[in-house]
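Structure first, commentary second.
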Amino acid sequence: MTQRVALDALNSAAPAEFVTLLAGVFEDADWIAERACAERPFPTVADLHDAMMRAVRQASTAEQIAFVAGHPDLAGKAVRAGAVGGASMSEQAGLGLDRLSDAEFAQFERLNAAYRQRFRFPFVICVRRQTRDAVLAAFERRLVNEPAAELAAAIDEIGHISRLRLVDRVDGAGMPAVAGRLSTHVLDTYHGRPAEGVAVELYEVGRSARAQLAAARTNSNGRTDQPLLTGEPLRIGTYELQFHLGDYFRACGVIGAAHPFLDVVPLRFGIAEPEGQYHVPLVATPWSYATYRGS
């Protein structure tokens, strides 16, 4: 793991050391840190990131294209072989893109080839903010962009990638917002109180599979002791919460043992804001329920 550095140390470092300490925040592009260095001192880590992104956006179109072209293909042969830079490898592996089935790998190869033929640089997306389904949907959606719009989209995604890498690297005031939060609670309107002891499960729902991400039980406030997801971006995609209401109302003595009207209640919802706050409550009786996006 790369050693963390204090923002104060970056502000006082010699220019060459400043560049070295920020190596890898942007993919093989030391010139970005070199240009941002001239704007020191940075009051906050967010200001540092803004300066680095200004260097990217103020570069010539030719420089921008060459910069984007230096990124690895998504789920490409180099990733499968473990032959890309450490940060990129870790990010793609975090989404399982280094261990695709042969059919999935072929799908990404087709999309990569079509994208490169159209734009002459690789498809770039911040995979730490995406589910695999969302990546594929973005691939298909962005393939129809005009070249200038797609270059801008790639640079925006590099902004998300580099912001996360910078937060992983630098300590200091004014950290950029990079983490979302997903929470829930259950209200028992039959008894007029929070529902304590409801088993809750969270799943990511994909086109071909589903994966359990969290499991918890509600406390005396009807909430889980910890958020279901927190501390990192919420991945764009489709999710499902399952609430075991039948077991709860059975334990309360409200319903019998066999065939409750509401047993396991599934709520399927989408996440579109990786740094957003999502609160998905359930308001329930043994025979009805409602939900909404809370705060």
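The values are calculated or read from the model by the stated rules, or taken from the named source; none is laboratory data. Being a predicted model, the structure only gives us computed values, none of them experimental. Counting neighbours? That spans all protein chains shown, and the Cβs are built from the backbone with ideal geometry, glycine included.
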Subset of segment 193-229 [surrounded by 12 or more Cβ atoms within 10 Å (Cβ to Cβ), of a type outside the set (K, R), under 19 Å from the mean Cα position of the chain (by Cα) and in a strand (DSSP E or B)]: L202, Y203, E204, V205, L213, A214, L229
Name the one entry in D73, D98 that is within 18 Å of F123 (Cβ to Cβ), of a type outside the set (V, I, T) and modelled with pLDDT of 85 or more. D73
Return yes or no: is A59 under 28 Å from A148 (Cβ atoms) and exposed (fewer than 15 other Cβ atoms within 10 Å of the Cβ)? no
For segment 113-136, name all the residues that are in a loop (DSSP other than H, G, I, E, B) and of a type in the set (K, R). R120
Listed by range, helices (runs of 4 or more DSSP H) wholly within segment 1-103 having at least 2 residues that are in contact with a Cys (Cβ under 9 Å, 6 or more places away or on another chain) are 15-21
Checking the structure you have, find out if any residue of segment 22-37 is under 30 Å from R110 (Cα atoms), of a type in the set (F, W, Y) and assigned by TED's automatic domain parsing to the domain that holds P122. yes
Does V254 meet the test of being touching a residue at least 24 places away in the same chain (Cβ under 8 Å) and assigned to a loop (DSSP other than H, G, I, E, B)? yes
Residue ID - farthest from the chain's Cα centre (by Cα), chosen from residues in segment 109-153 that are of a type in the set (S, T, N, Q) and surrounded by 15 or more Cβ atoms within 10 Å (Cβ to Cβ): N145
Does R268 satisfy the condition of being crowded, with 16+ Cβ neighbours inside 10 Å and either out of contact with any Pro (no Cβ under 6 Å at 6 or more places or on another chain) or among the acidic types (D, E) (or both)? no
Of the residues in segment 184-212, those that are of a type outside the set (G, A, S) and within 15 Å of D225 (Cα to Cα) come to T184, H185, V186, P194, E196, V198, V200, E201, L202
Confirm whether P233 is in contact with a strand residue (DSSP E or B) (Cβ under 7 Å, 6 or more places away or on another chain), modelled with pLDDT of 95 or more, of a type outside the set (F, W, Y) and assigned to a loop (DSSP other than H, G, I, E, B). no
From the list A75, A51, A36, A87, which residue is in contact with a helix residue (DSSP H, G or I) (Cβ under 8 Å, 6 or more places away or on another chain), crowded, with 17+ Cβ neighbours inside 10 Å and on the phi > 0 side of the Ramachandran plot? A75
Given the criterion out of contact with any Ser or Thr (no Cβ under 9 Å at 6 or more places or on another chain) and closer than 25 Å to C252 by Cβ, identify the matching residue among A177, A215, A154, A195. A215
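Residue-by-condition table, conditions (1) at pLDDT 95 or above; (2) outside the structural domain of L282 (by TED's automatic domain parsing); (3) of a type outside the set (F, W, Y):
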residue: D188; (1), (2), (3): yes, no, yes
residue: A195; (1), (2), (3): yes, no, yes
residue: A199; (1), (2), (3): yes, no, yes
residue: R207; (1), (2), (3): no, no, yes
residue: T218; (1), (2), (3): yes, no, yes
residue: G256; (1), (2), (3): no, no, yes
residue: F261; (1), (2), (3): no, no, no
Segment 261-287, residues that are more than 20 Å from P233 (Cα to Cα) and either free of Cβ contacts under 8 Å to residues at least 12 places away in the same chain or assigned to a strand (DSSP E or B) (or both): V264, V265, P266, L267, L282, V283, A284
What number goes with the only condition from (1) of a type in the set (A, V, I, L, M); (2) in contact with a Lys or Arg (Cβ under 9 Å, 6 or more places away or on another chain); (3) under 17 Å from P274 (Cα atoms) that L213 does not pass? (2)
